[in-house]
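Working notes, structure below.
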Amino acid sequence: MTNFLLRCTLLAALSFGTSAAELTIKGDIAAPLVLKTEEIAQMPHETVSIPEKDGTTASYEGVPLREILKKAGVPFGKDLRGKALASYIIAKAKDGYEVVFSLGELDAAFGNESILVADKVDGKPLFDYQGPLRLVCPNDKAGARSVRMLETIELVRLQK
Amino acid sequence: MSCRIIIVLCLLVRLCPAAQLPKPRVPADNPLTPAKAELGRYLFYDTRMSVNGKQSCATCHRQELAFTDGRPVAMGATGQNHPRGAMSLVNVAYNSLLTWNNPQTRELEQQALVPMFGEHPIELGLRPDSQFFTIIRSDATYKPLFEKAFPSNADPFTISNITKAIACFERTIISARSPWDRYHYNRDETAISESAKHGEVLFFSQPLSCFRCHGGFNFSDNTMSANSQPEEPEFHNTGLKNQQGKFKAPTLRNIAVTAPYMHDGSLPTLDAVLDHYASGGHNNPDKDPLIHGFNLTPDDKKDLIEFLKALTDEAVLHDPSFANPWH
């Protein structure tokens, strides 16, 4: 019975690739961080509905990117001023795809973009080609920065 | 339950797209009704609707081939070849534009006139004074069908009504019952193989970027529904040898049964299509920058083809609602 349960657990984990998946936050920050998807699943989630170009709508659930970055010591709020404003992050996918966001875009006092690190769509885990984690940028008119198969976020400071 | 009630229920079901797909856009002057769609089906399969009395819409749009014809390029009733291959009619209700590269052809009612009356090339080879338009007025099958489809028309037997009925039938040909649909919308993990799942990841990956032209629920670049706004169509030069012009990216649903491939039918298999795109195509000043080439291992290629095969909807290929009513 134990073996059966173990096999079921392994099969369930493999089916969406969730067990081994991680999000690495690295770069020029004080506390580089590796978060397992299970840890992200435990963080407070928000939901956004995204209208697709073809007329369908998808409802994504996830953790605000800003909260994850704060956890790694990325400067926001009163710390995001002066040279820190010349900083950006690179969000990188498993397939090599990369996009950039400035910290000012994400901070509540500036762009206040509510970008999510999503782990569910329409209440279910993301498919392999999307996840297990992806960015969702509700205010972007095009979807190209909503990086699928998100693996790494790297902070780059242009001025120190 | 009487036979008539069952038939009406079946027709109503045909008018409703699968729950997971959005409602298709329908022109305001041609609402979709079961009666018009049924009349359209009879017209679609009627070989009297051609200059040689042997061809119909269904000659180039065969149900078992996802409404394509299996030929590199289509052939008209007089034996003249069309310069391009017959396009699939599956999910054509969601197409924001029709034909391979004409940005002006956006309505099925308008497009139907081209195979009916077009001369360059001749397809069905009809003329406004063709005998067929007289036949329908007295034909025992058509008379009640036209009268039921267009009850408020004093004279329902018009060319305009013929194109409206055919368009209605075509809009009912919805494909949403493939293994991929069951996997994606019903979350049936067993619906497609692990190989196909890996193929899906490759399809949507940055290096291959197949999804950038074949995206959305219809795996096409010109999909729209009742809830979406029309967009400027995109056309692509796919880097085929001696290719001129740019073409739309058609749906990949049922692609495994629609060989040969590309607008000119020049690639006989999916294997050859993947080789073409992996090679980056032939040099051509108009070639789309998205055709840049990529590396694909034999296993990757197998997986990608498995994914494409998972888009085959056997139900739409054999659904009696879309079959020849004259048999």
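The values are calculated or read from the model by the stated rules, or taken from the named source; none is laboratory data. On a predicted model such as this, the values are computed, not experimentally measured, just so you know. Here Cβ is always computed from backbone atoms with ideal geometry, including for glycine, and neighbour counts include all displayed protein chains.
Checking the condition more than 15 Å from B:GLU38 (Cα to Cα), more than 21 Å from the chain's Cα centre (by Cα) and aliphatic (A, V, I, L, M), which residue from B:LEU126, B:LEU113, B:LEU145 passes?
On the way: B:LEU113 fails: more than 21 Å from the chain's Cα centre (by Cα); B:LEU145 fails: more than 15 Å from B:GLU38 (Cα to Cα).
None of the other options fit; the residue is B:LEU126.
Only residues that are in contact with a Pro (Cβ under 6 Å, 6 or more places away or on another chain) and either surrounded by fewer than 20 Cβ atoms within 10 Å (Cβ to Cβ) or closer than 15 Å to B:ASP271 by Cα (or both): list them for region B:288-327, please. Working first, answer last.
Residues of region B:288-327 that are in contact with a Pro (Cβ under 6 Å, 6 or more places away or on another chain), as a first pass: B:294, B:310.
Matches in region B:288-327: B:PHE294 only.
Hey, any hits in region B:218-226 for a residue that's at pLDDT 90 or above and not aromatic (Phe, Trp, Tyr)?
Yes, that holds for at least one residue.
Anything in region B:238-270 that is within 19 Å of B:LEU97 (Cα to Cα) and either assigned to a strand (DSSP E or B) or touching a Gly at 6+ places or on another chain (Cβ under 8 Å) (or both)? List them, or say none.
B:THR238, B:PHE247, B:MET262, B:HIS263, B:ASP264
It is to be established whether one or more residues within region B:293-301 are in contact with a helix residue (DSSP H, G or I) (Cβ under 7 Å, 6 or more places away or on another chain) and either without any contact (Cβ under 8 Å) to a residue 12 or more places away in the chain or away from chain A (no Cβ under 14 Å) (or both).
Yes, region B:293-301 has at least one match.
Of the conditions (1) within 14 Å of another protein chain (Cβ to nearest Cβ); (2) free of Cβ contacts under 8 Å to residues at least 40 places away in the same chain; (3) crowded, with 21+ Cβ neighbours inside 10 Å; (4) part of a loop (DSSP other than H, G, I, E, B), B:ASP188 fails just one. Which one is it?
Of (1) within 14 Å of another protein chain (Cβ to nearest Cβ); (2) free of Cβ contacts under 8 Å to residues at least 40 places away in the same chain; (3) crowded, with 21+ Cβ neighbours inside 10 Å; (4) part of a loop (DSSP other than H, G, I, E, B), only one is false for B:ASP188: (3).
Can you say whether B:LEU274 is buried (at least 18 other Cβ atoms within 10 Å of the Cβ) and in a helix (DSSP H, G or I), as far as the supplied structure shows?
For B:LEU274, the condition - buried (at least 18 other Cβ atoms within 10 Å of the Cβ) and in a helix (DSSP H, G or I) - is met.
Given the criteria more than 14 Å from chain A (Cβ to nearest Cβ), more than 19 Å from B:MET49 (Cβ to Cβ) and surrounded by fewer than 17 Cβ atoms within 10 Å (Cβ to Cβ), does B:ASN153 qualify?
The answer is yes for B:ASN153.
Which condition does B:ASN227 not pass, out of (1) more than 27 Å from B:TYR183 (Cβ to Cβ); (2) within 14 Å of chain A (Cβ to nearest Cβ); (3) over 20 Å from the mean Cα position of the chain (by Cα), if it passes all the others?
(1)
If a residue has to be assigned to a loop (DSSP other than H, G, I, E, B) and more than 9 Å from chain A (Cβ to nearest Cβ) to count, how many in region B:191-207 make the cut?
Going through region B:191-207 one residue at a time, the tally reaches 3.
Test of understanding: among A:LEU150, A:LEU116, which residue is in contact with a strand residue (DSSP E or B) (Cβ under 7 Å, 6 or more places away or on another chain) and within 14 Å of chain B (Cβ to nearest Cβ)?
Result: A:LEU150 is the single residue among A:LEU150, A:LEU116 that is in contact with a strand residue (DSSP E or B) (Cβ under 7 Å, 6 or more places away or on another chain) and within 14 Å of chain B (Cβ to nearest Cβ).
I'd like to check something: does region B:80-93 contain any residue that is outside any loop (DSSP other than H, G, I, E, B), within 14 Å of another protein chain (Cβ to nearest Cβ) and either surrounded by 20 or more Cβ atoms within 10 Å (Cβ to Cβ) or at pLDDT 95 or above (or both)? Step through it out loud before you land on a result.
As a first pass, look at region B:80-93 and keep what is outside any loop (DSSP other than H, G, I, E, B): B:81, B:92-93.
So of that shortlist, the ones also within 14 Å of another protein chain (Cβ to nearest Cβ) come out as B:93.
The next check asks that each one be either surrounded by 20 or more Cβ atoms within 10 Å (Cβ to Cβ) or at pLDDT 95 or above (or both); those that pass are B:93.
Yes, because at least one residue in region B:80-93 is outside any loop (DSSP other than H, G, I, E, B), within 14 Å of another protein chain (Cβ to nearest Cβ) and either surrounded by 20 or more Cβ atoms within 10 Å (Cβ to Cβ) or at pLDDT 95 or above (or both).
Within region B:115-133, track down each residue that is closer than 25 Å to B:ASP29 by Cα and either surrounded by fewer than 16 Cβ atoms within 10 Å (Cβ to Cβ) or in contact with an Asp or Glu (Cβ under 7 Å, 6 or more places away or on another chain) (or both).
Taking region B:115-133 and keeping what is closer than 25 Å to B:ASP29 by Cα, we get B:115-118, B:126-128, B:132-133.
Residues satisfying the conditions are B:PRO115, B:GLY118, B:ARG127, B:PRO128.
Pairs under 6 Å by beta carbon, first residue in a helix (DSSP H, G or I) in region B:106-133, partner of a type in the set (Asp, Glu), six or more apart or different chains?
B:LEU108/B:GLU170; B:PRO115/B:GLU123
Can you name every residue in region B:192-209 that is in contact (Cβ under 8 Å) with a residue 24 or more places away in the chain and among the hydrophobic types (A, V, I, L, M, F, W, C)?
Hits for region B:192-209 are B:ILE192, B:ALA196, B:LEU202, B:PHE203, B:LEU208.
Can you tell me how many residues in region B:214-223 are more than 7 Å from chain A (Cβ to nearest Cβ) and under 19 Å from A:LYS141 (Cα atoms)?
3
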